[in-house]
Structure formats: C-alpha cells, structure tokens
Amino acid sequence: MVAINQQIFLAKRPEGLPAEDTFGFRHIPIDKPEQDQVLVKTLYLSVDPYMRGRMSTEKSYIEPFVLNEAIAGSMIGEVVESRSEHLQAGDKVQGFLPWQLYNTVDASAVTKINRLDVPLSAYLSVLGITGLTAYFGMLDIGAPKQGETVVVSSAAGAVGSIAGQIAKIKGARVVGIAGTEEKAAYLEKELGFDIGINYNQVDDLQKALEEACPDGVDVYFDNVGGSISDAVISLLNDFARIPLCGTISSYNNKDTDVGPRIQPKLLKTRSLLKGFIITDYAERFDEGLGELAGWLSEGKLKYNETVTTGFENTPNAFLDLFKGKNVGKLLVKVSDPAN
C-alpha cells in the first residue's frame, strides 16, 4: 500500500499544564502484517484527562508514558489488511493503541465492532470506556435511590454527563456543576438534570449548592476534586456515597494540593468515599454495555461529542480538556472509513 504513517510521541515531561512542546511528531514505516496480525487505519482517537498523569513519572495505577515513545490510548480503526482468520479488511475495530495513522498489531489486540447501527464514535463515548465509567461508578458505588439528591461535578463532560443521566433514570434528583452558562443550560434543557450550576458565575458556590440541595447530598460523583468538592462534601447526608472518578483540578498543579480536612465529615456522616478505576470492572463490561445500549435505544440516554478533525490537531485537542472547551466526549477524527 502507498501511505504515509505518522506517530505522536511524548517529547517532554510537562511541569504544570502541558504545552505544544510536550508532544513530538515523526514519520515511521508501515509494517507488513505477519501471521495472525492486522494493519489498522486509525479513524478516531480518544483524548482523556487520565493521560496527564501518565506524562509524569509519579507512581499511579498505570505505567507512565515512556519519554520519546508513542503516546497510546483508546481508538477506533478500520482493518486495511489482515492475516488473521478472525478479522478481514473493512472490519471496524476498537482497541488501545499508539497514536499513529496506522498500527500493525496482533489481531487479539483489537475487538471487532459488530453493531454498526450507531455512529462509530459512540464506542469511544457512551458505548465505550466513558459510558462504562459512568455506569459502574454511579451504580456500583453511588447506588442512587428514588428521591435522593445526586451531585455531579464536571457534569457536562464525557463521564459526568452520562453519570447524571443514569442517576435520573434511577429516580434521583440531580444537580450538575459545570463551568459555563451554556453548559449549565445544556444540563437542564438537553440532559434533564434538575439544576445546572455554573461555578464560574456564582458569587458563593457553597450557598448556591445549599440552595440547590436543600435536603443535603446523598451521592456525589466526583470528577474534579479541589474547592468544588470541598463545597459539596460539606453538605453530605448520613450514609452518603462518593464515587471518586477523577481530580482534574489538581492534575497540572506543581505544588501539593491542600484543602479542608474531610475525614471528620466523612466519619460523622458515615459516608463512603471510594476511588475506582474502570478496569476494576472488566469482567462486567458486557453487563454495562448492554444496559447503556438499551437506554440509548429507548431514548433515555443522550450523549454529545466535541470532535476535533485532523491527526495533527491531537495535541491541541488534549490541551482543550484542561480549558473546559468540550461538551461531552472529546474526540479526534483522524480519517474516514473506506466503506
């Protein structure tokens, strides 16, 4: 085949907010697939906040990216050439692969997408890791009950927007926290949240939350940490549950994040605070995807995507995560499928 392959690698470990020089581009060859391998053309790439942690050498739940080697993440692709009996040219697949225009990998490294009645990009959002994170975090840890009050931070983002809708499906009253008036309105008018709060516009977030949650907070789906979470945690009811999904407010801090001591509140209310990683639920993915697909087809679940076009714009798309530019899942469209 005649094609140019390109790769994005980690050129520099960032201190604070990543910049354009954090990333490097280079041309690399396209390897011919060997027995049981496939050549995959990238269609969509996912950019996710957790990747920021992998850019440092700090110990975490996943190994850091290696300096001067390709950055890797979730992707959707199309098989261009196959030497596997399980996949053929034209098949659409998903996997966790390097940021490249083309990848030659073992066929077992990708999974065929069989259901094509939804956009392919949905497999990186509502029917992918994003949706599963919202599903298991909200239902397994948050366990919202009819009439309870649920608060979601970064509620217009990829995970938060799905998590809040799941709480509504379960009969909860849902308050979403976002960073713009447009996002707050989107939560209420499009996603069915009971209240959307723009934390950048209120003079006193604590007071705004007290007014929005007169009966206290039973479940807090935490995507951000920091001062927003301090305000929500102060309103916890007895036996509240906090699925801790992310702490994006501190990802780019150069100094240690310092805030109120939350242990007394958690103790007095006998609240549960549990961090989780989506791979903890790998054996139950089919369960989650089945439920999500059902809600989607029934019109109970909506999703949005902010799509950046062009492989060369992938670093900028990643940086946009920390500028709050996305509504829903942020994706990069790299190419169109051949069929």
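Read-outs: derived from the displayed coordinates by stated rules, not from any lab. Note that the coordinates shown come from a computational prediction; the quantities given were computed from them, not determined experimentally. All Cβ positions, glycine included, derive from the backbone under ideal geometry; neighbour counts span all protein chains shown.
Some notes on this structure:
- Among Leu67, Leu236, Leu191: highest mean-square fluctuation, GNM of the chain, C-alpha pairs under 10 Å: Leu67
- Most mobile of Phe193, Phe136, Phe276 in a GNM of the chain (Cα contacts under 10 Å): Phe276
- Using a Förster distance of 35 Å, the FRET efficiency for Asp117-Asp194 (Cβ separation, nearest 0.05): 0.65
- Each residue of the range 51-65 was assigned a 3J(HN,Hα) from its phi angle through the Karplus curve 6.51 cos²θ - 1.76 cosθ + 1.60 (θ = phi - 60°); the sequence is 4, 4, x, 6, 7, 9, 9, 5, 4, 8, 7, 9, 4, x, 4 Hz, with glycine and proline shown as x.
- Shape of the range 65-124, Cα gyration tensor, a/c cut at 1.5: oblate
- Restraint check, Lys145/Lys183; Lys145/Lys274; Lys183/Lys302; Lys41/Lys112; Lys170/Lys300, Cα-Cα greater than 22 Å: Lys145/Lys183
- Amide H to amide H distances under 5 Å link Gln6 with Ile28, Leu101, Tyr102, where only residues 5 or more positions off or on other chains count and H is placed in the peptide plane.
- Cα-based shape type of the range 30-154, given that a ≥ b ≥ c are square roots of the gyration tensor eigenvalues and the cut on a/c is 1.5: oblate
- For GluC sites (Glu not before Pro), the sites in the range 240-337 that DSSP calls loop and that have at most 12 other Cβ atoms within 10 Å are Glu298.
- Angle between the chain longest axis and helix 158-169 axis [Cα atoms, degrees, rounded to 10]: 50 degrees
- From phi via Karplus (6.51, -1.76, 1.60), per-residue ³J(HN,Hα) for the range 90-107 in Hz, x at Gly/Pro: x, 5, 9, 9, 10, x, 10, 9, x, 6, 9, 5, 9, 10, 9, 9, 4, 4
- Couplings for the range 132-141, taken from phi via the Karplus curve 6.51 cos²θ - 1.76 cosθ + 1.60 with θ = phi - 60°, read 5, 4, 5, 4, 6, x, 6, 8, 7, 9 Hz in order; Gly and Pro are left as x.
- Gyration tensor (alpha-carbon) shape descriptor, the chain, a/c threshold 1.5: prolate
- Of all the options Ala122, Ala185, Ala89, the one that moves most in a Gaussian network model of the chain with Cα springs shorter than 10 angstrom is Ala89.
- Theoretical FRET efficiency, 1/(1+(r/R0)^6), r = Cβ-Cβ of Leu67 and Lys325, R0 22 Å, to 0.05: 0.20
- Axis of helix 285-297 versus longest Cα principal axis of the chain: the two differ by about 80°, to the nearest ten degrees.
- Considering only beta bridges that DSSP places wholly inside the chain, some 60 percent are antiparallel.
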